[in-house]
Structure formats: structure tokens, C-alpha cells
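Step one of this worksheet: look at the structure below.
The values are calculated or read from the model by the stated rules, or taken from the named source; none is laboratory data. Please read all numbers here as calculations on a predicted model, not as lab measurements. We place every Cβ from the backbone using ideal geometry, glycine too, and count neighbours over all the protein chains shown. Just the protein is used for accessible areas: all its heavy atoms, side chains included, with ligands, DNA and RNA removed. Shrake-Rupley method; radii C 1.70, N 1.55, O 1.52, S 1.80 Å.
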Amino acid sequence: MIWNEEFETLPREALEALQLKRLQATVERVYVNVPFYKKKFDEQGVTPADIKSLSDLQKLPFTVKNDLRDNYPFGLFSVPMSRVVRVHGSSGTTGKPIVVGYTKRDIDTWAELMARTLTCAGIHRGDIVHNAYGYGLFTGGLGAHYGAEKIGASVIPISGGNTKRQITIMKDFAPTAITCTPSYLLHLADVAKDMGFDPAVDFNIRAGCFGAEPWSEKMRDQLEKIFNLDAVDIYGLTEVIGPGVSSGCLEAKSGLHVFEDHFIPEIIDPETGEVLPDGEKGELVFTSITKEAFPVIRYRTRDITSLNPTPCVCGRTFKRMERITGRSDDMLIIRGVNVFPSQIESVLMDIEGIEPHYQLIVDREGTLDTLEVRVEVNEKIFSDEVKQLESLERKVTNDIKETIGTTCRCKLVEPKSIPRSEGKAQRVIDKRSI
Ligand code: DLL
């Protein structure tokens, strides 16, 4: 099922005409209302009147996260505070959070986009949605909440944390759908098992929208099996709106449809800023074309993916972005080799006896980078003979070397010894930067 048939299946030509109209209005809006954009456009020698076609977007300068920090907290808002009905933010790893604002219409737009997203995952009126994304400044909780209400589902606004209570509620309220980070779903499964439940049998959940962090196809298979549900990948970021920027679909489970009537995606070479053709991998850039309070122009997400314009079996005409392999700032460079944590995850998920809980510890010995892969094994293997553990460690090391081309040290650890997350998992500890 498609939530908004009219827009989600627009033929390309009509979609592009709509995008151009909306882009022109947005560029005009920020030029007039946000001194930061006016200054940047003036420096680049471009005015709103220069945007005559979609390809003219390339004349506009990029916006980066530091621009948001420099204008903290409300400097990039393009409406007066009296029209802002909500703010959200994201903390990131350094310094102050970045702050974004929404008008009443922006909140409605966002609810519409999340209604589309939930529908993409096969969630409808009549479903009971266990919403375990965090409520608060983070966009996950309230984003999914408004979308679920819009489609007429019954929302359990459980937020993250207090995991045992979540399991009891999952049993008693019998939700049919769940929304949370993939790593939290894993944690929910473990706690449920500890409490004596089999998530595939004892719960009623058949669908879920998972995102906010990178996860692999292998992890999808595993989560689907553990809970006996269909798992759809959903993507978004605070700066652009929150979740609801793109969504996988139940029919194809291959790539995420970018809601292009609201956001124009581009893929650029992160080094040169040059726009790359569809199919090529690079950094994802978004321009929002309907937002009022906090439009962004050519915002560099740092997320690495490619765009696929081929039609999808689900009937949606929007381009699909490939599953995010990682952020360019999460990409580890180990002795000159580029490594994404999700590549290592894929290798680990293929090995019998290995649990999907891992952490990568990067350090430096002298001038040499070191990578330690700490990963849990199941109870049975852990209590096996030392020899068995050693041979499994060798297998992990070899498989990783074969896939990513770099040598790591593998440390198999006891079940439940890697810290669990209630939101985004911390997969990498890079001691080189401490
Ligand atoms: O994580 C918004 C969100 C909430 C998305 C709930 C999906 C579900 P931020 O906290 O600003 O916003 O983090 C955005 O998270 O730039 C990506 O690096 C990463 N990310 C989000 N979704 C995915 C995904 C929310 N499906 C940053 N796959 C983004 C991989 C993702 N990475």
C-alpha cells in the first residue's frame, strides 16, 4: 500500500516541475530571511533569479554541520520564533548540539512523511505501534509518534530504556509493529530471552521501521528471524527533518525511496564537491524544498551512498538510495585502508557461534594503527575448550582480512559483555583521537 499515491508515484517529469517550483521558493525564502545564506550566495555571485532549472542547484554553495554550530542556536531559522512551534536537536560527539526548528506546517509535513514511511513498512490503521525511539530533543520518538497517529495506528509512546518493562508491555499490549534502532531491537530480544520469552512466538509484532544508525543486510535477516517480522530500513537526519527523509519498502527491501517531492538528493565526490551521476557512490547532499522554519540548502550529510533511479516493484517513482554503508567521518582509515564498521558487521554475521554484538577498538602502537575486533560468542562456545575459541578467533581474523584487506586482532568475549544501547550503538572506540 502507498500512503500518498498522488505524490509517491508522480512521473519524473511532473516531479521535476514540482521540485523546481519548490526549490525556487525555498531559495528565495532563505535569501530574504537568513543572513547566513544571503552572505554565502552573494559571495558565490548567485541570486534566487539564477535558479532557472534543477541543474542550477549546482550553482549554490554547500552547507555543512559547522555552519549550524556557528549559528547556534537559532541563527539559521527563516521564520520569526513566534512561528516556531517545536525545536529538536542532536548532540553529536563534540560541543554544543545542533538545533533545528519547525513551524506548524513543518510538523504536518513531517507527520505526512512518517505516515508514508510507516506505510512503506506495511504498518496501517489498526496496528499497535511500540515506539521505542527516544522521545526528547532526538527526532526519532516524536517523529515516529506523529506519523503513527496520522495513519490512525495506536501508539505506545514507550521511548528508549527501562527494557524489562518494555518486554512486559510487549507481551501484555501485544503491539503488532515496532519502531526503534536496530541495535535496541537486538537488546530487546536478549532481555526478552532472559525473561523466558521467545520473541518469534510470544510476541505479536509483524512489522518494524528501523534506522538512525548503520546496519547491514545480514543484521536485517537476523532481526527478522528473531522476531518473525518484516524489517524496513528508514533514514533521516535532524538537519533535514528527522526520520522521514527516505524509507525502504516492504515489497522490494532494496534501497530507500527518497521523498523527492520534499528533498532533492545529490551525490558528490566528498573530496572535490563535484556532483556524481546516479549509481556512483559518494556523499549524500540534501536540499529541503518545502520546509518553512529551517530549510537547508545543499546540506552535506557525510553519509556515503549512491542513488538508483530504476523503477521499483512497489510502484513508487522516487529514486532509491542504497543502504548507508557508513558516514565519511565514521570511516576508519586503518594503515591506509578505508574500513566501514558495517563491512565488519557483515563478516561477523556470517560466522556460526558469533553474536551480533561487537565493538571496534582502534589504537596506535608507535606509528602503526591497530584494529581490535571485540565480539561476543554464544554461551556454548564460550564454555568450550580454549582451543575452539582460538580457532574461531583465527577464522574471524582471516575472514576480515579477506574482506577488507587489513589485519585485525580478534578478541572473543563473554556473552553480554559488550555495552548495550538504548538508542544508537557505539560501535567504534577510536583511541587515536583521545
Ligand atoms: O537519527 C533520525 C532518525 C531517527 C532516522 C529514527 C531514522 C530513525 P540524527 O540523530 O540527526 O537523526 O542522526 C542522523 O544517523 O546522518 C546517518 O549517519 C545516521 N542514520 C540515520 N538513519 C540511518 C540508516 C536520526 N537507516 C544520522 N542507516 C545520519 C544508516 C542512518 N545510518
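Would you call Met219 in a helix (DSSP H, G or I) and within 12 Å of the ligand (Cβ to nearest atom)? So Met219 passes the test. Checked against the criterion of being among the hydroxyl-bearing types (Ser, Thr, Tyr) and buried (at least 20 other Cβ atoms within 10 Å of the Cβ), the candidates Ser306, Ser346, Ser288 yield just one match: Ser288.
Restricting attention to segment 4-59, the residues being among the charged types (D, E, K, R) and not in a helix (DSSP H, G or I) number 1. Consider Pro270 against the criteria (1) at pLDDT 95 or above; (2) of a type outside the set (Val, Ile, Thr); (3) open to solvent by 20 Å² or more (accessible area, probe 1.4 Å): it satisfies all of them except one. Which criterion is unmet? Against the list (1) at pLDDT 95 or above; (2) of a type outside the set (Val, Ile, Thr); (3) open to solvent by 20 Å² or more (accessible area, probe 1.4 Å), Pro270 comes up short only on (1). The numbered conditions (1) over 17 Å from the mean Cα position of the chain (by Cα); (2) under 20 Å from Thr63 (Cα atoms) are all true for Arg316 except (2). Taken over segment 328-376, the criterion of being without any contact (Cβ under 8 Å) to a residue 24 or more places away in the chain and in a strand (DSSP E or B) is satisfied by Asn338, Glu365.
What do you reckon, is Leu113 closer than 21 Å to Ile241 by Cβ and either more than 11 Å from the ligand (Cβ to nearest atom) or outside the structural domain of Glu5 (by TED's automatic domain parsing) (or both)? Write out each step before concluding.
Working: closer than 21 Å to Ile241 by Cβ: yes; either more than 11 Å from the ligand (Cβ to nearest atom) or outside the structural domain of Glu5 (by TED's automatic domain parsing) (or both): yes.
Spelling it out, Leu113 is indeed closer than 21 Å to Ile241 by Cβ and either more than 11 Å from the ligand (Cβ to nearest atom) or outside the structural domain of Glu5 (by TED's automatic domain parsing) (or both).
Here is the figure for segment 242-262: residues that are in contact with a Leu (Cβ under 9 Å, 6 or more places away or on another chain) and open to solvent by less than 10 Å² (accessible area, probe 1.4 Å) total 11.
To keep it simple, each residue is scored yes or no on (1) buried (at least 22 other Cβ atoms within 10 Å of the Cβ); (2) more than 26 Å from Met114 (Cβ to Cβ).
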residue: Thr163; (1), (2): no, no
residue: Ile169; (1), (2): no, no
residue: Ile178; (1), (2): yes, no
residue: Leu188; (1), (2): yes, no
residue: Asp198; (1), (2): no, yes
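Number of residues in segment 200-216 that are open to solvent by 20 Å² or more (accessible area, probe 1.4 Å), out of contact with any strand residue (DSSP E or B) (no Cβ under 8 Å at 6 or more places or on another chain) and within 11 Å of the ligand (Cβ to nearest atom): the value is 1. Could you please find all residues in segment 321-338 being within 16 Å of the ligand (Cβ to nearest atom) and open to solvent by less than 20 Å² (accessible area, probe 1.4 Å)? The answer is Met321, Gly326, Leu332.
Of the residues making up segment 84-121, those that are in a loop (DSSP other than H, G, I, E, B) and open to solvent by 10 Å² or more (accessible area, probe 1.4 Å) are Val84, Val85, Ser91, Gly92, Thr93, Thr94, Gly95, Lys96, Pro97. Open to solvent by 10 Å² or more (accessible area, probe 1.4 Å), in contact with a Cys (Cβ under 6 Å, 6 or more places away or on another chain) and either in contact (Cβ under 8 Å) with a residue 40 or more places away in the chain or not in a loop (DSSP other than H, G, I, E, B) (or both), is that true of Glu224? Here the answer is no, as Glu224 does not meet what is asked. Is it the case that segment 131-150 has a residue that's open to solvent by 20 Å² or more (accessible area, probe 1.4 Å), part of a helix (DSSP H, G or I) and within 12 Å of the ligand (Cβ to nearest atom)? Yes, segment 131-150 contains at least one residue that is open to solvent by 20 Å² or more (accessible area, probe 1.4 Å), part of a helix (DSSP H, G or I) and within 12 Å of the ligand (Cβ to nearest atom).
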